[in-house]
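S.K.: Quick one: the structure is below, and I'll ask about it shortly.
The values are calculated or read from the model by the stated rules, or taken from the named source; none is laboratory data. Computed from a predicted model, the values in this text were never measured in an experiment. Here the Cβ is made from the backbone with ideal geometry for all residues, glycine too, and neighbour counts use every protein chain on show. Please note that ligands, DNA and RNA were not included when accessible areas were found on the heavy atoms of the full protein model with its side chains. Shrake-Rupley method; radii C 1.70, N 1.55, O 1.52, S 1.80 Å.
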Amino acid sequence: MTVAIRLAVDAMGGDFGPRVVVPAVHDILLRHPQLEVQLYGDQAEIKKYLTNFSDDLTSRLHIHHSLESITMADSISVALRQKKQSSMRLALEAVKHKQADACVSAGNTGALMATAKFVLKTIDGIERPAIAKFLPTSDGGLTCVLDLGANIDSTPEHLLQFAIMGSQLVQAVNPQVKSPRVGLLNIGSEEIKGNSTVKEAYQHLQNSQLNFIGNVEGDDIFSGEVEVIVADGFVGNVALKTIEGTVKMMGQIIKNEFNSSALTKAQGLIAKPVLAQVKKRIDPRRFNGAIFLGLRGVVVKSHGGTDAVGFNYALQEAYHEAKADILTSIQRGVCAHLAAAEAEHNASK
């Protein structure tokens with residue numbers, strides 16, 4: 001049987017390490033018979049959680065021993081200079097050397113981005129990688145939002161590059177979307193709104209070959225009006241954390257209200273099927289797995305505090321990105337858009 005996709009997984013990353021990673025790997029190997037997983041980390045720790053692996057799953061699982069791991073407290077300099085044999089670094093090296101098609105880690109975000117950029121480098125035409133994530137919309141679709149924290153001082157040119165990458169990502173994973181609608185996250189929909197960077201980015205996007213529909217506001221993120229939303233990493237990260245906090249708060253409020261009395265508990269039992277569906281639709285674990293776009297390799301970052309269900313979704317994200325060959329799509333798209341921009345610039349001289 002030919003193995004179609006190979007994932008390199010940092011088994012030691014996140015708050016729980018192998019206790020969460022290994023069960024998630026078990027489930028995704030069951031789901032995809034042609035998938036191979038390479039686990040990087042402490043072999044003894046990893047083997048503690050392999051008791052329910054069948055012979056077939058074990059044959060598609062390869063453990064690469066590493067005693068070093070990058071903690072959430074490690075600085076970027078420590079990760080790059082002192083932990084060259086860490087589980088995270090070795091997983092990224094596997095992607096670089098074409099031994100794996102994608103890397104997944106729940107480790108330190110800053111360290112992962114810095115190490116990935118150092119090991120894999122950026123693709124031609126992209127100055128800075130961006131963190132992208134698909135968020136659910138009210139109509140049942142998905143919107144790609146980027147940058148979610150990789151860059152806190154983006155230039156207008158960076159925002160244009162993010163938009164190109166986001167648009168190509170959407171087309172790669174959803175071929176039926178031929179021309180993704182792109183919106184620029186702002187404090188108002190009017191062209192005159194925003195700071196100088198956003199205003200200049202607006203002009204760049206308007207003059208590009210992208211399907212740019214203009215500014216969008218925070219309450220448009222879930223509307224389904226666009227397939228791609230572009231923002232500076234500072235703004236994008238604040239928006240994401242606000243969304244996550246709001247979902248948690250609403251879930252707790254609903255739980256508290258239904259538990260407030262015997263009557264509301266009875267009403268809760270009646271509403272349980274509907275509440276279960278709502279919970280499923282907005283469960284943040286289903287959307288775990290942020291993509292590092294702009295690198296010469298597929299890298300997916302899982303939330304560090306997620307459980308095995310959430311990490312499994314991050315693995316699925318990496319699997320689908322690798323299968324869709326998003327790297328080739330993004331490289332071609334960036335090249336085409338930059339060539340068109342240069343031609344237009346030369347024609348205007």
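S.K.: Would you point out the residue of region 1-57, among those that are part of a helix (DSSP H, G or I) and among the basic types (Lys, Arg), that is farthest from residue 86 (Cα to Cα)?
M.R.: Here the residue is 31.
S.K.: Is it the case that region 303-324 has a residue that's among the hydrophobic types (A, V, I, L, M, F, W, C), outside any helix (DSSP H, G or I) and under 26 Å from residue 103 (Cβ atoms)?
M.R.: There is at least one residue in region 303-324 that is among the hydrophobic types (A, V, I, L, M, F, W, C), outside any helix (DSSP H, G or I) and under 26 Å from residue 103 (Cβ atoms).
S.K.: So, in region 244-296, of the ones that are closer than 30 Å to residue 122 by Cα and touching a Gly at 6+ places or on another chain (Cβ under 6 Å), which residue ends up surrounded by the most Cβ atoms within 10 Å (Cβ to Cβ)?
M.R.: Only one residue tops the list, namely 288.
S.K.: When residue 56 is evaluated against the numbered criteria (1) open to solvent by 30 Å² or more (accessible area, probe 1.4 Å); (2) in contact (Cβ under 8 Å) with a residue 40 or more places away in the chain; (3) touching a Pro at 6+ places or on another chain (Cβ under 9 Å); (4) closer than 24 Å to residue 323 by Cβ, which criterion, by number, is the only one it fails?
M.R.: Condition (2) is where residue 56 drops out.
S.K.: Another question about this same structure. Could you look through region 227-238, keep only residues that are crowded, with 18+ Cβ neighbours inside 10 Å and assigned to a helix (DSSP H, G or I), and pick out the one that is farthest from the chain's Cα centre (by Cα)?
M.R.: Filtering region 227-238 for residues that are crowded, with 18+ Cβ neighbours inside 10 Å and assigned to a helix (DSSP H, G or I), the one farthest from the chain's Cα centre (by Cα) comes out as 235.
S.K.: Continuing with this model, one more query. Based on what the data block shows, is residue 37 under 18 Å from residue 300 (Cβ atoms), open to solvent by less than 70 Å² (accessible area, probe 1.4 Å) and β-branched (Val, Ile, Thr)?
M.R.: It is true that residue 37 is under 18 Å from residue 300 (Cβ atoms), open to solvent by less than 70 Å² (accessible area, probe 1.4 Å) and β-branched (Val, Ile, Thr).
S.K.: Okay, next question. Residue check, residue 73 against (1) of a type in the set (Gly, Ala, Ser); (2) under 11 Å from residue 111 (Cα atoms); (3) open to solvent by less than 50 Å² (accessible area, probe 1.4 Å), all met but one. Which one?
M.R.: Here residue 73 clears every test but (3).
S.K.: For region 322-339: of the residues being open to solvent by less than 60 Å² (accessible area, probe 1.4 Å) and farther than 17 Å from residue 162 by Cα, which is modelled with the highest pLDDT?
M.R.: Among them, the one singled out is 322.
S.K.: Taking only region 167-200 into account, find how many residues are outside any loop (DSSP other than H, G, I, E, B), open to solvent by less than 10 Å² (accessible area, probe 1.4 Å) and at pLDDT below 95.
M.R.: Of the residues in region 167-200, 3 are outside any loop (DSSP other than H, G, I, E, B), open to solvent by less than 10 Å² (accessible area, probe 1.4 Å) and at pLDDT below 95.
S.K.: Since residue 123 meets every condition but one in (1) within 19 Å of residue 224 (Cβ to Cβ); (2) modelled with pLDDT of 90 or more, which condition does it not meet?
M.R.: Of (1) within 19 Å of residue 224 (Cβ to Cβ); (2) modelled with pLDDT of 90 or more, only one is false for residue 123: (1).
S.K.: Which numbered condition trips up residue 160, out of (1) open to solvent by less than 30 Å² (accessible area, probe 1.4 Å); (2) part of a helix (DSSP H, G or I); (3) aliphatic (A, V, I, L, M)?
M.R.: It is condition (1) that residue 160 fails.
S.K.: I'd like to know if region 340-348 contains one or more residues that are outside any strand (DSSP E or B), hydroxyl-bearing (Ser, Thr, Tyr), open to solvent by 70 Å² or more (accessible area, probe 1.4 Å) and more than 26 Å from residue 26 (Cα to Cα).
M.R.: Taking every residue of region 340-348 in turn, at least one turns out to be outside any strand (DSSP E or B), hydroxyl-bearing (Ser, Thr, Tyr), open to solvent by 70 Å² or more (accessible area, probe 1.4 Å) and more than 26 Å from residue 26 (Cα to Cα).
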